[in-house]
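**Student:** Structure incoming, see below.
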Amino acid sequence: MLWNRSNTLGLAKTSCSHCQGNGIRNIRGGREVPCQCVFRAVFRACYRRFRECAAASHLGAVTLDFRPGREGRRSYSRKREEFLADFCIISRRELDEFEQRIFRFHFLLGADWRLCCRQLKLDRGLFFHAVYRIQQKLGRAFAETAPYPLYPLTDYFSGNTIPAAIPAQPQASARRGSREAA
């Protein structure tokens, strides 16, 4: 994903003390990077859709996607199941063991912070710092996974794929010339 002001402005938290609601922070060397509040917003959007997909009563619904190209091929997919699997696979790949345990208890199993702190033997401050770190890591991973990121969600669920390179048609005169020579 291309991180610029127009992409981050809508995701930024207006009360963020680091970016003042712009979504972009200036760091050393005059470089601009997205703020951590933007990554947390991306994670929350993906997590909200994850919960919707998991709670759907008709998980096995199949969608028909039209692929671009001359032949106009179609493919069938189960977008909800694919999103659930991609969400869990990316989180397993990006998080270390400690963060994975917090993610599993708090986000996947739905335990509140008191139960998580008691189960993992953490104090409240360490738990919430770890939760914020998890949201930032996964938000960045969900938006920057290539070639098919989870965020923006409309692109993921729309069925649009990267168009395949369509070979150029040979010119008509070149085809006629080859027939006449034969």
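Since every read-out is calculated from the coordinates, none of them should be taken as a lab result. Values in this document were obtained by computation on a predicted structure and should not be read as measured data. All Cβ positions, even for glycine, are placed from backbone atoms using ideal geometry, and neighbour counts span all protein chains on display.
**Student:** How much length would be gained if the chain were fully extended between residue 73 and residue 51, taking 0.36 nm per residue of separation minus their Cα-Cα distance, in nm to one decimal? If you can, show how the numbers build up before the last one.
**Tutor:** Details: separation 22, 0.36 × 22 = 7.92 nm, distance 3.14 nm.
Between residue 73 and residue 51, full extension yields 4.8 nm more.
**Student:** Expressed in nm², what is the orientationally averaged projection area of the convex hull enclosing the Cα positions of region 1-154? Walk me through the intermediate numbers first.
**Tutor:** Working: hull surface 47.9 nm².
Over all viewing directions, region 1-154 projects a mean Cα-hull area of 12.0 nm².
**Student:** Hey, another quick one. What is the distance, in nm, between label points placed 7 Å from the Cα along the Cα-to-Cβ direction at residue 158 and at residue 44?
**Tutor:** According to this spin-label approximation, the distance is 2.5 nm.
**Student:** Separate question: Using r as the Cβ-Cβ distance of residue 58 and residue 104, and R0 as 25 Å, what FRET efficiency do you calculate, to the nearest 0.05? Present the calculation step by step, with values, prior to reporting the outcome.
**Tutor:** Numbers: r = 26 Å, r/R0 = 1.04.
The pair residue 58/residue 104 has a calculated efficiency of 0.45.
**Student:** Right, here's the next one. Report the charge-dipole magnitude of region 30-138 in Debye, nearest 20, computed about the Cα centre from +1 at each Lys and Arg Cβ and -1 at each Asp and Glu Cβ.
**Tutor:** Rounded to the nearest 20 debye, it is 140 debye.
**Student:** Moving on to the next point. Full-extension gain between residue 65 and residue 7, please, as 0.36 nm times their residue separation minus the C-alpha to C-alpha distance.
**Tutor:** Working: separation 58, 0.36 × 58 = 20.88 nm, distance 2.67 nm.
Contour length minus the Cα-Cα distance gives 18.2 nm.
**Student:** Additional query: What Kirkwood hydrodynamic radius, in Å, does region 26-96 give when the mean of 1/r is taken over all pairs of distinct Cα atoms and then inverted?
**Tutor:** On the way: mean 1/r = 0.0655 Å⁻¹.
15.3 Å is the Kirkwood radius here.
**Student:** D for region 76-142, whole µm²/s, Stokes-Einstein with Kirkwood Rh over alpha-carbon pairs at 10 °C and 1.306 mPa s: what number?
**Tutor:** Details: Rh = 12.6 Å.
Once the numbers are plugged in, D ends up at 126 µm²/s.
**Student:** While we're looking at this one, here's another question. For Cα pairs less than 8 Å apart in space and 6+ apart in sequence, what is the mean separation divided by the residue count of region 38-156, i.e. the relative contact order in percent?
**Tutor:** Values: 111 pairs, mean separation 40.2, N = 119.
Computed value for region 38-156: 34 percent relative contact order.
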